[in-house]
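Undergrad: Below is a structure I'd like to ask you about.
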Amino acid sequence: MRHRVLRVGEVESTNRYAVDRFEELPHGLAVVADRQTRGRGRLERSWSSSVAGNLYASLVLKLEPERQARLPPGFPNLTQYMAVVLARVARGLGAEVTIKWPNDLLAGGRKVAGILAEAVSAPGRVRGAVVGAGVNLAMREEDLAAIDQPAASLNLVLGRAVERDAFLEAVLDEFFTGYPAFLESGFPSIRPEFLALTPMLGRQISVNSVRSRIAGTACDVTAEGSLVVLTPQGRVTLTLGDVQ
């Protein structure tokens, strides 16, 4: 399957590029950069984006007018759908990757990919979203050592080069093959696979949420994609947070 791809050299971020040009860009377009000067992840964290050969890409996803006021079930969980897609492609290459809730891709417990979705709105409606993914494909050990959190790169995990454009094509094939059905059915359609890829369930964790820090046992991911943590005070359901 051929996909529409817009290749740019260096941008602030592919998400910002796509959001700023959302009206003029077509649905399904992938914006791919060689480098980002201000790559971003969740919670406004920076994403190291200076290594050519890594994947820095954002998908333009537009909603039909009749869906803009009443969002389809899968829309709130686009990042989790993308996490599952990336995991399928990476595992297809032989990499033993897992997902850390809500949507980080890990290899050997170290982050190998991050995902960021941004809704694009107009008064009274949501026009669609831009879903960005940064995947480490071509890092050296010294590149990883310079990152301020444990990080991995698929080329080092696999012990061989990973060609960016081939990886991107596999991701786009996987994403858009299941995208229409996922929008209609929502997170429950990928929940069993998501749970199988999330080894943190049953373990003691701490979660830095917007207002507080929660500590307890990760015990479930709901049909809406939220994390359930059993604490001494009872069960807490989180829709957003950073798991430690």
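We did not get these values from a lab; they are worked out from the coordinates using the rules stated. Everything quoted here is computed from the prediction, not taken from an experiment. FYI the Cβ positions are ideal-geometry reconstructions off the backbone, even for glycines, and counts take in every protein chain you see.
Undergrad: Give the relative contact order (percent, whole number) for segment 5-196; include only Cα pairs under 8 Å separated by 6+ residues. The partial results should precede the final answer.
TA: Details: 357 pairs, mean separation 42.3, N = 192.
It comes to 22 percent, rounded to a whole number.
Undergrad: A follow-up question, please. Could you give the nm distance between label points at ARG7 and ALA181, where each point is 7 Å from its Cα heading toward the beta carbon?
TA: That separation, rounded to one decimal, is 3.2 nm.
Undergrad: With θ set to phi - 60° and the Karplus curve 6.51 cos²θ - 1.76 cosθ + 1.60, what are the ³J(HN,Hα) couplings of segment 164-181 in order, to the nearest whole Hz, using x for Gly and Pro?
TA: Calculated HN-Hα couplings, in order: 4, 5, 5, 4, 4, 4, 5, 5, 5, 4, 5, 5, 7, 5, x, 4, x, 5 Hz.
Undergrad: Using a 10 Å cut-off on Cβ atoms, rank the peptides 111-120, 196-205, 220-229 from the highest mean neighbour count down. Working shown, then result.
TA: Numbers: 111-120: 21.9, 196-205: 14.8, 220-229: 18.0.
Descending packing order for the listed peptides: 111-120, 220-229, 196-205.
Undergrad: Taking K and R as +1 and D and E as -1, what net charge do the other residues with C-beta under 13 Å from the C-beta of ALA52 add up to?
TA: Values: positive: ARG7, ARG35, ARG140, ARG164; negative: GLU10, ASP34, ASP143, GLU163, ASP165.
With Lys, Arg at +1 and Asp, Glu at -1, the net is -1.
Undergrad: Can you bin segment 204-243 into rounded, prolate or oblate? Criterion: square roots of the alpha carbon gyration tensor eigenvalues sorted a ≥ b ≥ c, rounded for a/c under 1.5, prolate for a/b above b/c, oblate for the rest. Walk me through the intermediate numbers first.
TA: Numbers: a/c = 1.67, a/b = 1.11, b/c = 1.50.
Oblate, since a/c reaches 1.5 and b/c is not below a/b.
Undergrad: For ARG127, enumerate residues with amide H under 5 Å from its amide H, sequence gap 5+ or separate chain, H modeled in the peptide plane.
TA: For ARG127, whose amide H was placed from the backbone, the distant partners under 5 Å are VAL120, SER121, ALA122.
Undergrad: Given segment 52-160, report the % of alpha carbon pairs whose separation exceeds 20 Å.
TA: Working: 2642 of 5886 pairs.
Within segment 52-160, distances greater than 20 Å cover 45 percent of Cα pairs.
Undergrad: Now, a different point. At a Förster distance of 22 Å, what's the computed FRET efficiency of LEU230 paired with SER209, Cβ-Cβ distance as r, to 0.05? All intermediate terms of the calculation are to be shown ahead of the outcome.
TA: Numbers: r = 15 Å, r/R0 = 0.70.
Efficiency for this residue pair is about 0.90.
Undergrad: So what J values fall out for segment 89-106 if you push phi through Karplus, 6.51 cos²θ - 1.76 cosθ + 1.60 with θ = phi - 60°, rounded to Hz, Gly and Pro as x?
TA: 5, 5, 5, x, 7, x, 8, 7, 9, 9, 10, 9, 3, x, 7, 7, 9, 10
Undergrad: Further question on the same structure: Run lengths n ≥ 4 of DSSP H only: what is the helix-derived mean residue ellipticity at 222 nm for the chain, with -39500 (n - 2.57) per run over all residues, to the nearest 500? Intermediate values should be presented prior to the final figure.
TA: Details: 6 runs with 60 residues, N = 244.
Only helices count here, giving -7000 deg cm²/dmol.
Undergrad: Taking the Cβ of ARG2 as the center, what net charge do the other residues with Cβ under 12 Å away carry, scoring Lys and Arg +1 and Asp and Glu -1? Please report the intermediate quantities before stating the final value.
TA: Numbers: positive: ARG4; negative: GLU169, ASP173.
Net charge in that neighbourhood comes out at -1.
Undergrad: Enumerate the amide H contacts of GLU224 below 5 Å, restricted to partners 5 or more residues apart or on another chain; note that Pro and chain-start residues carry no placed amide H.
TA: For GLU224, no residues qualify.
Undergrad: Okay, next question. Read phi for every residue in segment 118-132 and hand back ³J(HN,Hα) as whole Hz from Karplus 6.51 cos²θ - 1.76 cosθ + 1.60, θ = phi - 60°, with x for Gly and Pro.
TA: Karplus values, whole Hz, x for Gly and Pro: 10, 6, 10, 10, 9, x, x, 7, 10, 7, x, 8, 10, 10, x.
Undergrad: Amide H neighbours of THR198 under 5 Å, at least 5 residues apart or on other chains, H built in the peptide plane: list them.
TA: The list, which skips near neighbours in sequence, is ILE99.
Undergrad: Rg (Å, one decimal) plus Dmax (Å, integer) for the alpha carbons of the chain?
TA: Computed over the Cα atoms of the chain, radius of gyration and Dmax are 17.5, 52 Å.
Undergrad: Would you mind putting 157-163, 168-174, 79-85 in packing order, based on average other-beta-carbon counts within 10 Å, highest first? Please report the intermediate quantities before stating the final value.
TA: On the way: 157-163: 13.9, 168-174: 18.7, 79-85: 24.3.
Packing order, densest peptide first, comes out as 79-85, 168-174, 157-163.
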